[in-house]
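Here the structure comes first, spelled out in structure tokens, and everything after it is commentary.
The values are calculated or read from the model by the stated rules, or taken from the named source; none is laboratory data. Keep in mind it's a predicted model, so treat the numbers as computed, not measured. Note that each Cβ is placed from the backbone with ideal geometry, even for glycine, and that neighbours are counted across all protein chains shown.
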Amino acid sequence: MARIFAYIVHKAGVVDDSAAELAVAAKRIDAAAPVTALVTGFGMDLDAACNSLCASFEEVWKISSEALAYPDAGLVRKALVDILPPGSIVLAPHNTFGMDMSPGLSIKTDSAFVPDVVDIEGCEETRLKLVRQEYGGQVSAHIGCDISSGVVLNIRSGAFKVEECSVANGVVVDHSIDMGDLTGIHRRYIETVEAEMGDVDITKEEVLVSVGRGIQEQENIAIAQELADAMTAAVSCSRPIIDAKWMEKSRQVGTSGQTVKPKVYIACGISGSFQHMGGLKGNPFIVAINKNPKAPIFQAANVGIVADILEFLPALTNRIRRL
Amino acid sequence: MEILVCVKRVPDTSENEIEINAEGNDIKRDDLVYSVNEWDNYAVEEAIQIVDRVGGSVTVVTIGSEEDADTLRREIAMGANKGVLISDEVFDGSDGRGIAAILKAFVEKDAYDLILSGAQAEAGLAQTGGMLAAMLDYPFASLVNSIEILEGNKLRIGREIDGGNKEIHEIDLPCVLSIQTGINEPRYVGIRGIRKAASMDIPTLQASDLGIDMRFVGRSAARVKRTDYFVPATGEGAEMLTGDTEEVVERLVDILKAKGGIK
């Protein structure tokens, strides 16, 4: 079995939650194999991240360069291509960084690539059996992957449950010397622009009436607003509403929007993609109303109603007003 | 600027309930409504807007069958200048690397300054653009939600990252960008435009026309293969409220009261 690596996302010396999930996923490939953390960065932040990883990884490869102080996917990829032994198994998070880095990394290391892995069913010799989802989570698929010349796996956030911290007594090994020149890259990171604050802070609301594609037209958002008013709640939304410019970006729930932690979440015409559900924390009570009985949201919800929200929401609003 | 946009025709998930066929090797394809992949539609719109600003032309390309030519005609009706269909039986069963290898061979036949793709399609793989860029040795950025043309053959681009934040980069041309939804507002394609493009001839290229590296292409070369579709054994899922609307509303109101949704 080839060596198994986990690419670690960290910020200001603090390791991201994805690190522990990658460690769990790696053990599903081979429970007996040691897992090596790959950590790029610079200075005190890098050292802090490496030291804390020794508790959960057998070995921690430190890759230090001032050029890697910001984790730019183009530069990180270049560094990893130099450092990874041939045939490596590399796990990375399927987030905005992993989506930027991993497809190209797989080509440059002549490895197979499987993105957005939600389960690992095992590995027989060089054939890895994985599970993915397609069509926005409406169906699942088994994937067979030939890893004889290595593989890069992007792992979906939240798919591998971290039950207890496996205790390792890892050591930090500095591999910076194996890295070649990082100049001459044709993409240069300039800055990060923070999201603008909106009129309503949906992260502080206890009850959210959230609308998705099922609302159909901008004018229909008023139907959700009326329900929210009757419940003294706020209206939030899923990504298609933002793409259509029907609401402000600050109202979006999801990994690319806000992370909310309401007590009650009423998902109206929202299919429930993992990116959307990734923005829902604190185990809220979820009511899902959707006209597609196959919508993935019904797996995550506590209560489900198969209905057209344009008819159901006004009926609900009228009833609540009469209370 | 010469721009290539890689597009794909997909079953429209907002119009269809996707179900698995009896053999478990595909989804049920009868009566599916197809459309251009949503992310690709934003990519084509962005390409057209760039050409409107700085000149040049937009070529759309897809890998598929004769039915996919209509997707290209739709993009031409939208404002693309040219469509090319790449179609060959030997492509069947290709994995992401295979698809990227086919596109690489096509890109190398012409000179493009900018290559766009949608950030992802129906399978949520989000891999074609990044793989193609790596094969071409071009710089790449994914989840791009703004593009500004700078002097000196380069772009200033924004990438969508977590929490609604945006990562800004400068990137040299030629490059590959994968486009995130919401970057623009794709124009409406009227029935007149579609009619006008309906008779348009779409050139079709085969493997032998392209000089593709066949080590990567087709089922036998694929390292990643879907073996079957299945319905996962899930948890209990939601308690479904059924009955007429009045009944369902009454029960939901009781539940919301109990859970603190209604004070």
B:Gly260 passes all but one of (1) on the phi > 0 side of the Ramachandran plot; (2) more than 9 Å from chain A (Cβ to nearest Cβ); (3) surrounded by fewer than 17 Cβ atoms within 10 Å (Cβ to Cβ); which number fails? (2)
Hey, A:Ala31 hits all of (1) over 23 Å from B:Thr128 (Cβ atoms); (2) without any contact (Cβ under 8 Å) to a residue 40 or more places away in the chain; (3) within 17 Å of the chain's Cα centre (by Cα) but one; which does it fall short on? (3)
Search segment B:146-160 for residues being surrounded by fewer than 20 Cβ atoms within 10 Å (Cβ to Cβ) and touching a strand residue (DSSP E or B) at 6+ places or on another chain (Cβ under 9 Å), and hand back the single one that is farthest from the other protein chains (Cβ to nearest Cβ). B:Ile149
Can you give me the number of residues within segment A:59-100 that are outside any loop (DSSP other than H, G, I, E, B), touching a residue at least 60 places away in the same chain (Cβ under 8 Å) and under 16 Å from the mean Cα position of the chain (by Cα)? 4
I need every pair where a residue in segment B:236-250 that is under 10 Å from A:Gln299 (Cα atoms) has its Cβ under 7 Å from the Cβ of a residue that is assigned to a loop (DSSP other than H, G, I, E, B), sequence separation at least 6 or different chains. B:Ala238/A:Ala301; B:Ala238/A:Asn302; B:Glu239/A:Asn302
Assess whether A:Met197 counts as being part of a loop (DSSP other than H, G, I, E, B) and surrounded by fewer than 16 Cβ atoms within 10 Å (Cβ to Cβ). yes
Kindly indicate the residue of segment B:125-161 that is within 19 Å of the chain's Cα centre (by Cα) and charged (D, E, K, R) and also nearest to A:Gly279 (Cα to Cα) among those meeting that condition. B:Glu160
Within segment A:158-174, count every residue that is surrounded by fewer than 18 Cβ atoms within 10 Å (Cβ to Cβ) and part of a loop (DSSP other than H, G, I, E, B). 9
Scan the helices (runs of 4 or more DSSP H) fully inside segment B:24-117 and keep the ones with 3 or more residues being within 14 Å of chain A (Cβ to nearest Cβ). B:38-54, B:96-107
Across segment A:103-122, the tally of residues that are more than 8 Å from chain B (Cβ to nearest Cβ) and in contact with a Cys (Cβ under 9 Å, 6 or more places away or on another chain) stands at 0
List the number of the failed condition for A:Leu310; all other conditions in (1) in contact with a Lys or Arg (Cβ under 9 Å, 6 or more places away or on another chain); (2) more than 10 Å from chain B (Cβ to nearest Cβ); (3) not in a loop (DSSP other than H, G, I, E, B) hold. (1)
Checking the conditions here, which among A:Ser56, A:Ser106 is modelled with pLDDT under 95 and more than 19 Å from the chain's Cα centre (by Cα)? A:Ser56
Which helices (runs of 4 or more DSSP H) does segment B:188-259 wholly contain that include 1 or more residues that are modelled with pLDDT under 90 and out of contact with any Pro (no Cβ under 7 Å at 6 or more places or on another chain)? B:191-198
Need pairs with beta-carbon distance below 6 Å; first residue more than 10 Å from chain B (Cβ to nearest Cβ) and assigned to a loop (DSSP other than H, G, I, E, B) and within segment A:145-157, second crowded, with 24+ Cβ neighbours inside 10 Å and of a type in the set (Val, Ile, Thr); sequence gap 6+ or separate chains. none
Given the conditions (1) surrounded by fewer than 24 Cβ atoms within 10 Å (Cβ to Cβ); (2) touching a Gly at 6+ places or on another chain (Cβ under 6 Å); (3) β-branched (Val, Ile, Thr), every one holds for A:Ile270 apart from (1)
Return the residues of segment A:281-307 that are in a strand (DSSP E or B) and buried (at least 22 other Cβ atoms within 10 Å of the Cβ); say none if nothing qualifies. A:Ile286, A:Val287, A:Ala288, A:Ile289, A:Asn290, A:Gly304, A:Ile305
Taking the condition of being free of Cβ contacts under 8 Å to residues at least 60 places away in the same chain and farther than 25 Å from B:Glu67 by Cβ, how many residues in segment B:221-235 meet it? 5
Considering only residues that are at the interface with chain A (Cβ under 7 Å from one of its Cβ atoms), more than 25 Å from B:Ser94 (Cα to Cα) and in contact with a strand residue (DSSP E or B) (Cβ under 9 Å, 6 or more places away or on another chain), which ones fall in segment B:208-248? B:Pro232, B:Gly237, B:Ala238, B:Glu239, B:Met240, B:Leu241, B:Val248
For residues that are crowded, with 20+ Cβ neighbours inside 10 Å and among the hydroxyl-bearing types (Ser, Thr, Tyr), tally how many sit in segment B:169-220. 2
Output yes when any residue across segment B:97-112 is under 24 Å from A:Thr255 (Cβ atoms) and touching a residue at least 12 places away in the same chain (Cβ under 8 Å), and no when none is. no
Only one of (1) within 28 Å of the chain's Cα centre (by Cα); (2) buried (at least 17 other Cβ atoms within 10 Å of the Cβ) fails for A:Ala230. Which number is that? (1)
